[in-house]
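Presented below is the structure to which this report refers.
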Amino acid sequence: MSYKIPMGPYHPGLEEPYKLDLICEDETVIDAKLHVGFNFRGIEHLAETRNHVQVIALMERVCGICSNVHTLSLCRAMEEILGIEPPPRAQYIRVIMAELERLHSHVLWAGIAGKLMGFKTMFMRCFALREKVMDVLEAISGNRVNYSMNRIGGVNRDIADPSTVLAMIEALEREMVNTVIPVFTTSTTALSRCAGIGVLTQERAISFGVVGPTARASGLPQDIRRAAPYAAYSELEFDVPVETAGDVRARLFVRAREIVQSCRVLRQALTKLPSGPLHAEGSDESDIAFPTGMATSRVEAPRGEVMYSVSWEEDSDNPSRVHVRTPTYANMPAIRAMVIGAQLADTPLIQASIDPCYSCTDR
Amino acid sequence: MTMLETIPGSLGVTETWVEKGRAHWLACEGLNVRDVAKTMAACHARFITITATELPDDEGIRLEYHWDLEGQLLGFPFQVSNKQIESIYDLCEAADWIEREIHEYYTVYFLGREYQPLFLRQGDKPGVNLREEDE
């Protein structure tokens, strides 16, 4: 006989409010229904009431973790409409911020995954590391969460001393490579909770249109940084880690390897940081006059591709439309496929394995 | 001939791609959204999203369907004057949530599918977040 377990919207096994109605037979999940919208703020429609400066601050608040990629995507779309190209130094600083944010997101996720595995020492270790990443972000931007780095035509703040940041990155990488990653990839505790759990086959991953580490863990080598490079990514070397098993372990491995690749990109970007201005000429607030136009922008956020579609009418202070497709919006429907057939006790870890962000999803 | 160049022919249209705003656009009268979805599936393109925009002066709603083809962003615009368009959900599972969201935000009906509420709402009213039905 089947029965329903309502998990959420506020549940210790979920990081944010959403609801998963699990239909079970004994301890096995036979179906699931997802309910989102608990963080709905109407941000897309609020954007239509904000000018080109205010809208950046607004969209930075779509997500608390990957706030930088939202302003980066939005600014790139607005720059496309305006015909503005940021200078090289700004492009490199954008990469540095994006990769620091990826490190922050992945380490935070690793900590939460550790907690859900019952591996609380690793949770504490990861959160201590996350603090170090946030220290770097704070040293650059003055902020720990919403960095306010992006503006139309470039960035708001410089990285005055890249060598200091480089030293922090190298210390961080040493701890990641020597401690965290080996534990996650070799420990029996971690592997026994993750192997063969929450499988998303490549076929289903294609069907759901999943993105980011979720797609790469199901054998899809997609990464916007590689497929359609933006900022300074075309000048930097990095690998796109791919696993084929499609289970929680594969998603864990992909993120672990991405941490190493992010450090690799950061080292290059900080070493090669070109001199020059932080923003393009003619991009000051008083110079901006939008023509009628529409542009899209895609950025590889820590959880996968973010897409912005922005429309503007000439002489209008505000955009006529800002649409955001966040990575969790693409990944979340696949949770149903991942939990069917799983043990009830594994479902919190399975849903966490896509690193969901409901704040992004609901907007 | 690249995969991108073969798509207009596969859809039976003579128009060609127009590159604008970092996307390749194929806009033409008489294009059927389900034919587009089938062609995109045949090309192994990845569905990204649908952007809905309310047009001024009661011109209806503009729906822009986006797919990724080998890193290239493709766009197919459709103008919906009577708030109805065929659903592609049965052809493209990834379109499920965005069709439901647009239905709830703009009361556009995607024909040929059943709806389940997606976002928080008041009772069973569609469009409750921003638009009441028939508003």
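Please treat every number below as a calculation from the coordinates, not as lab data. Since we're looking at a predicted model, the values are computed, not measured. Note: ideal-geometry Cβ built from the backbone for every residue, glycine included; neighbour counts use all protein chains shown.
Summary table below
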{"item": "Globularity index of the protein assembly as shown, i.e. its alpha-carbon radius of gyration over 2.2 N^0.38 Å", "result": "0.95"}
{"item": "Cut-off 13 Å between beta-carbons: net charge of the residues surrounding B:ARG113, Lys and Arg +1, Asp and Glu -1", "result": "-4"}
{"item": "Cα-centred dipole magnitude for the protein assembly as shown, charges only on beta-carbon of K, R (+1) and D, E (-1), debye, nearest 20", "result": "1900 debye"}
{"item": "Binned Cα-Cα distances of segment A:221-269, short to long, each 5 Å bin given as a whole percent", "result": "5, 21, 26, 24, 14, 8, 3"}
{"item": "Exercise: per-residue mean of other protein chain Cβ atoms within 10 Å, B:65-75", "result": "4"}
{"item": "Among B:PRO8, B:ALA45, B:PHE76 the positive-end extreme of the charge dipole of segment B:3-84 (Cβ point charges)", "result": "B:ALA45"}
{"item": "Two-decimal ratio, segment B:3-84, of alpha-carbon radius of gyration to 2.2 N^0.38 Å", "result": "1.07"}
{"item": "All-pairs Cα distance distribution in segment A:18-170, expressed in whole percent, bin size 5 Å", "result": "2, 8, 14, 16, 15, 14, 11, 9, 6, 3, 2, 1, 0"}
{"item": "Sparse-neighbourhood loop sites, GluC sites (Glu not before Pro) in segment A:293-363 - DSSP loop, at most 10 other Cβ within 10 angstrom", "result": "A:GLU314"}
{"item": "Order by protection proxy (mean Cβ within 10 Å, highest first), peptides A:197-208, A:243-254", "result": "A:243-254, A:197-208"}
{"item": "Set of lysines with alpha-carbon distance to B:LYS83 below 21 Å, sequence-local pairs under 8 removed", "result": "B:LYS125"}
{"item": "Listed residue pairs exceeding 26 Å between alpha carbons, taken from A:LYS33/A:LYS132; A:LYS19/A:LYS115; A:LYS132/A:LYS272", "result": "A:LYS33/A:LYS132"}
{"item": "Positive-end extreme of charge dipole, segment A:182-283 - chosen from A:ALA205, A:THR186, A:ALA215 (charges on Cβ)", "result": "A:THR186"}
{"item": "Segment A:25-72: radius of gyration over Cα atoms, expressed as a fraction of 2.2 N^0.38 Å", "result": "1.78"}
{"item": "18 Å tail of the calculated P(r), segment A:309-363, as % of Cα pairs", "result": "51 percent"}
{"item": "Alpha-carbon Rg with Dmax, taken over segment B:1-44, Å", "result": "10.2, 25"}
{"item": "Cα-based Kirkwood hydrodynamic radius, segment A:96-203, one decimal, Å", "result": "15.5 Å"}
{"item": "Sum of -39500 (n - 2.57) over DSSP H runs of 4+, divided by residues of chain A (222 nm, nearest 500)", "result": "-13500 deg cm²/dmol"}
{"item": "Ascending count of other beta-carbon atoms within 10 Å, so fewest first, for A:TYR3, B:TYR115, A:TYR329", "result": "A:TYR3, B:TYR115, A:TYR329"}
{"item": "Contact order normalised by residue count of chain A, Cα under 8 Å, 6+ apart, percent", "result": "27 percent"}
